[in-house]
Amino acid sequence: MELKQLFVTALIPVLKVLSITALGSYLALDRVNILGEVTRKNLNTVVFYVFGPALVSSNVAQTITYQSMVKMWFMPVNILITFIIGSILGCLLIQLTRPPAHLRGLVLGCCAAGNLGMMLLIIVPAVCKEKGSPFGAPDVCHMYAMGYASLSMAVGDFYVWSYVYNIVRVSSRRGNQDYNQSAERSSTSDQATTSGKLEQRIVMVFQKMNLKSIFAPSTIGALIGFAIGVIPQIRKLLLGDGAPLRVIQDTANLLGDGAIPSLILIIGGNLLKGLRGSGIQKSLVVGIIVVRYVALPLIGVLVVKGALKFGLVHSDPLYLFVLLLQFSLPPAMNIGIMTLLFEAGENECSVIMLWTYAFASLSITFWSAAFMWLVARL
């Protein structure tokens, strides 16, 4: 594909997301008041407990089998690497910018967790449908794209709700309990070493971690989807035109279809808060943008090329493209749901999401085109 066509192919899926986001912002205006704050919070709850789990379980069940899991074993490792590197960069950013205690979990989560579900489900299959796509026949490409994106979504949801959820929860509680005492401790804490602070923070997180949150609704949905897809007996009961219990899968598909537009509308409504500002440090927002759109994608190129060199991944261009794209996505939308659930950092999260998703239209377009060009030459 020519360079111009690569950019057009990469831009179209991003424009779809921006269009729905703009609609969500319009519906949240005071004079319209269709998607007000109370409505968004209620819709958040529905997405969290109903739409999200249905979307994860239905897509995973349809596209993931034992054979495909063996072939794609490196993807969960690749996603884990994005979380680890993002967390390290997030800790460095926290040390440099010194945000308030109740925002540290938000910053760490935005650096660590990318939008591994919705963005990939929209971008990758859409790229396959574009004329002249470098990934072969559109139908075959779309089938594999849904499989890769579904696995990414399932694994990403597990990491987000088992790791980021607890980070945000602990940070919000710590901010509420310790904010008034932070000034008194600042002179003593400044004398501690950076490694000592990091070790103390990690110990505190694990001491206060709520292991029940690992089994959040989306995580349970992913586990159910894996069981349906991998176990042949259950798969025959639920999947296929002749399956006796196919109505269950059809119902999950119907519910899951509401998850993506609902999430984008919620983000659009929340971004309206970001336009009004919240007094968040500009350096904090710039730092998150640099981490997600500069540092992580460059590190991702090294990780994927290294994995390919050592034979850890197969040389399917579409598979490599998805692995690379996982390093260049905006922060996970579920982080916005978490700030609403814990009522900590909602306005700051809105500002972060506003600017990161505004830059995503340029960043994802650029990196998608660059990655398509790269995988065609690996």
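The values are calculated or read from the model by the stated rules, or taken from the named source; none is laboratory data. What you see is a predicted model; the values in this text were computed from it and never measured. Glycine also receives a Cβ, built like all others from the backbone with ideal geometry; neighbour counts cover every protein chain displayed. The area values use the complete protein model at the heavy-atom level, side chains included, leaving out ligands, DNA and RNA. Shrake-Rupley method; radii C 1.70, N 1.55, O 1.52, S 1.80 Å.
Give me the helices (runs of 4 or more DSSP H) completely within the stretch 213-319, filtered to those with at least 1 residues that are under 26 Å from ILE88 (Cβ atoms), open to solvent by less than 40 Å² (accessible area, probe 1.4 Å) and touching a Gly at 6+ places or on another chain (Cβ under 7 Å), ordered by residue number. The helices (runs of 4 or more DSSP H) meeting that bar are 217-230, 296-309.
Residue under question is ALA259, and the condition is that it be modelled with pLDDT of 55 or more and more than 19 Å from GLU343 (Cα to Cα); does it hold? So ALA259 fits the description; yes. Scan the stretch 23-38 for residues that are open to solvent by less than 60 Å² (accessible area, probe 1.4 Å) and in a helix (DSSP H, G or I) and the total you get is 3. A single member of VAL60, VAL8 is surrounded by fewer than 23 Cβ atoms within 10 Å (Cβ to Cβ) and part of a helix (DSSP H, G or I), and it is VAL8. Against the numbered list (1) at pLDDT 85 or above; (2) buried (at least 22 other Cβ atoms within 10 Å of the Cβ); (3) polar (S, T, N, Q), SER150 comes up short only at (1). Within the stretch 341-361, the set of residues being of a type in the set (S, T, N, Q) and either buried (at least 19 other Cβ atoms within 10 Å of the Cβ) or free of Cβ contacts under 8 Å to residues at least 12 places away in the same chain (or both) comprises SER350, THR356. Restricting the stretch 78-88 to residues that are among the hydrophobic types (A, V, I, L, M, F, W, C) and farther than 10 Å from LEU323 by Cα leaves a set whose member that is surrounded by the fewest Cβ atoms within 10 Å (Cβ to Cβ) is ILE84.
Residues checked against (1) in a helix (DSSP H, G or I); (2) touching a residue at least 12 places away in the same chain (Cβ under 8 Å); (3) farther than 24 Å from MET338 by Cβ; (4) among the charged types (D, E, K, R):
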| position | (1), (2), (3), (4) |
| --- | --- |
| LEU89 | yes, yes, no, no |
| LEU120 | yes, yes, no, no |
| ILE123 | yes, yes, no, no |
| SER133 | no, yes, yes, no |
| HIS142 | yes, yes, yes, no |
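For CYS349, only one of the following conditions fails: (1) in a helix (DSSP H, G or I); (2) modelled with pLDDT of 90 or more. What is its number? If we test CYS349 against (1) in a helix (DSSP H, G or I); (2) modelled with pLDDT of 90 or more, just (2) comes out false.
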